[in-house]
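A short worksheet on the structure shown next.
The values are calculated or read from the model by the stated rules, or taken from the named source; none is laboratory data. Just so we're clear, the structure is a prediction, and the values are computed from it rather than from any experiment. All Cβ positions, even for glycine, are placed from backbone atoms using ideal geometry, and neighbour counts span all protein chains on display.
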Amino acid sequence: MHTLRLLTVTWNVGNAPPPSSLVALLGPPEALAATDLVAVALQEMPTRFDKVEDRVARMTLGPTFVLCGERRLFGIKLFVYHQRRLTHLIASVETVREGTGIANSVGNKGAVGVVLRLGDTSVAFINAHLAAHDGPKYRRERQEDVMDLVRSLERGRADAKRGDGGLPLFHRFTHLFWMGDLNYRLNTALTLCGQELPFEARRRHLLKLVTAGDVPALLAADELRHERARGSVFANFSEGPIHHLPSFKVRTGAAGVVNPADPAAIYADSRAPAYCDRILWHSLPLHRPHVRQLSYTWVPAYTVSDHKPVVASFALDIAKRVPRVLPDEGLRLTLDVQLIRLRGLYPTPPAPTILPTLLPPSAEVAASAKGGPALLRFAGEDSDEVSVGDMLARGGEAALSDIASRRRPVIGVQPGVVKFELPLTKYGTAGAVMEGKVALVEGADGWGGAWTDSAGAVVKGANGRSVPGGVSAGA
């Protein structure tokens, strides 16, 4: 297991030229020497400064860093750098981009992405600029932006052409870091007994909290935290604790220099303070312990933009690459689905057990002859006509850590049954929870052979044709 140090940066530069030094942003040379990966996400970056920004970043990072991936869409730009010493770990690099608005091509909103494959670990970085402004209308637009971007990125990724397109974007990568100017605002209706104050009263109220340094009270009004708690956007994502003041909207030039005696003085009159600039991440369940956030803060020293940069550092564990087990090496398994329930799709469940169909093109069991857990990836949908949430139950992972082949101990433990509970999402919105019990047993027809139900009866053959009755499943 390699432990890498990752530095992520998001900054809406406000169409300003890049500063002459990024040391305050990226860190001094001694800190960068211990950093392995750097992802810099910029918004509202003029095209004419594209090369300048990269050059300044390279000068700050030094000659030991290599630009391994970059992508631009309008003023949205993402740079990913790695230390030269990691070159042997970089198996592949992929870039994607999607706009929002008319035909996904109008305006300066959208997202770009860079995906690195480090051995068997895939790490994706998304830089997004979402719809601006206060109010319920724009809050809904931001939710729709996220759903549209995820839907478009799912269609546009190369793995959709390789047969992995059935898996949602958030389930295709070991780790996904989503950062940018997400534009979520501070809504006093969340904290003042449901009352949304008029703009000036709301601004004065928030500035009083800024002056008092009451970050918890500010965050209690944060729309993004509220929407995430509801499961309406970025469901199952993580965000570290915030201890800094809002990064938007600040004055530029000398007026943007923070005065500890009057911290509210840097905020402009035309907007209320807000935590627009954020860094979140999502990991597959087995790999959640492999990401540890080390820091999360703003960088108030820069005054060229009406946004302050936000940076986060992480410790990222990367598993050593293990040769895959092929069918002819003796791994002969069939997935035995003993029980599956879906919770959350029905106002009043018509039956105590709802059995969805697991779609074989998206089912995959990966195991190692050297030990370790197996990971089942699947896509499913329930087909009951009374369902109010068809297709929300797409994508998930089940950690089959206690199961092994009857033929030989592929994973190093005895065969058995594993209970699982999976939150299911569609385009980042929470849809349902799938829970159940599964087991791996030796497959009579080998890898991808006959499919059985919990009683052992074949309900779907290797040719993929459905057999009436029961649950269908396979691997």
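Brief remarks follow.
- Here residue 169 does not qualify as modelled with pLDDT of 85 or more and either under 30 Å from residue 317 (Cβ atoms) or not assigned by TED's automatic domain parsing to the domain that holds residue 38 (or both).
- Selected residue (only one of 225, 278, 251 is assigned by TED's automatic domain parsing to the domain that holds residue 7, surrounded by fewer than 19 Cβ atoms within 10 Å (Cβ to Cβ) and within 25 Å of residue 111 (Cα to Cα)): 225
- Any hit, region 148-160, residues being within 23 Å of residue 317 (Cβ to Cβ) and modelled with pLDDT of 80 or more: no
- Residue match in region 299-307 (condition: in contact with a His (Cβ under 7 Å, 6 or more places away or on another chain), in the same structural domain as residue 252 (by TED's automatic domain parsing), of a type in the set (Ser, Thr, Tyr) and closer than 23 Å to residue 252 by Cα): no
- Scan of region 74-91 for residues that are part of a strand (DSSP E or B) and at pLDDT below 90, ordered by number: 91
- Taking (1) part of a strand (DSSP E or B); (2) among the aliphatic types (A, V, I, L, M); (3) farther than 23 Å from residue 176 by Cα in turn, residue 52 satisfies each apart from (1).
- Residue match in region 36-58 (condition: surrounded by fewer than 17 Cβ atoms within 10 Å (Cβ to Cβ) and at pLDDT 90 or above): no
- Filter pass, residue 71 being surrounded by fewer than 16 Cβ atoms within 10 Å (Cβ to Cβ) and closer than 22 Å to residue 16 by Cβ: no
- Qualifying residues in region 200-228 (those that are touching a residue at least 24 places away in the same chain (Cβ under 8 Å) and part of a loop (DSSP other than H, G, I, E, B)) - the one farthest from residue 272 (Cα to Cα): 213
- Residues in region 229-269 that are aromatic (Phe, Trp, Tyr) and either over 30 Å from residue 291 (Cβ atoms) or not in a loop (DSSP other than H, G, I, E, B) (or both): 248, 267.
- Being on the phi > 0 side of the Ramachandran plot and in the same structural domain as residue 311 (by TED's automatic domain parsing) is not true of residue 240.
- Test set (1) in contact with an Asp or Glu (Cβ under 6 Å, 6 or more places away or on another chain); (2) in a strand (DSSP E or B) - residue 15 fails condition number: (2)
- So residue 86, is it closer than 22 Å to residue 117 by Cα, in contact with a Lys or Arg (Cβ under 8 Å, 6 or more places away or on another chain) and assigned by TED's automatic domain parsing to the domain that holds residue 298: no
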